[in-house]
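The structure under discussion appears below in the form of structure tokens.
No value in this document is a laboratory result; all are computed from the given coordinates. These numbers were taken from a predicted model, which means no experiment stands behind them. Backbone-built Cβ (ideal geometry, glycine too); neighbour counts: all protein chains shown.
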């Protein structure tokens, strides 16, 4: 979650558009989250969106004004959302990043596609480790059906060998 928090860059809704675009020009910033004075997310501004919006107004407009023409719903995720559901939304909408917001709509991070994939991979690796640990520690030997099968196989081997240990094997 620390990497998600580190990627978050916010700008006040009353900031000039040129200020937000200057932030976007940084080498690692791909999205700026626009917030109202209370810190609640109002929208996002991406590099491409910022360039398209700054051209006609020469950067004098406020960030809120540039977001006013958007009629689509904000796409966000929450800390408790399932990773595979977040990834499905990112794929469907072709998103490079998605804001993470708390229950009050305040941004707490920015999840990148790479971060989402790393999270999915980590969960799969964790599941594999759990299955491996189960098999090693508890495993199949403690399952009664398999234990009975092993005893029957041992009796069959004893009978084939003719050593007369069938009764000892069954104890």
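List of remarks:
- Neighbour-count ranking [beta-carbon atoms within 10 angstrom, fewest first] of 126, 35, 29: 126, 29, 35
- Nitroxide proxy distance, nm - points 7 Å out along Cα→Cβ at residue 74 and residue 12: 1.8 nm
- Look at 123, 97, 112 and count the other Cβ atoms within 10 Å of each Cβ; fewest to most, that gives 123, 112, 97.
- Length gained on full extension, residue 93 to residue 108, computed as 0.36 nm times the residue gap minus the Cα-Cα distance: 3.3 nm.
- Cα-projected label distance for residue 3 with residue 22, points at 7 Å along beta-carbon direction, nm: 3.1 nm
- Treating r as the C-beta distance of residue 85 and residue 48 and R0 as 25 Å, the FRET efficiency rounds to 0.45.
- Spin-label pair residue 133-residue 120: with each label point 7 Å from Cα along the Cα-Cβ axis, the two points sit 2.5 nm from one another.
- Ordering 76, 44 by the number of other Cβ atoms within 10 Å of each residue's own Cβ, fewest first, gives 76, 44.
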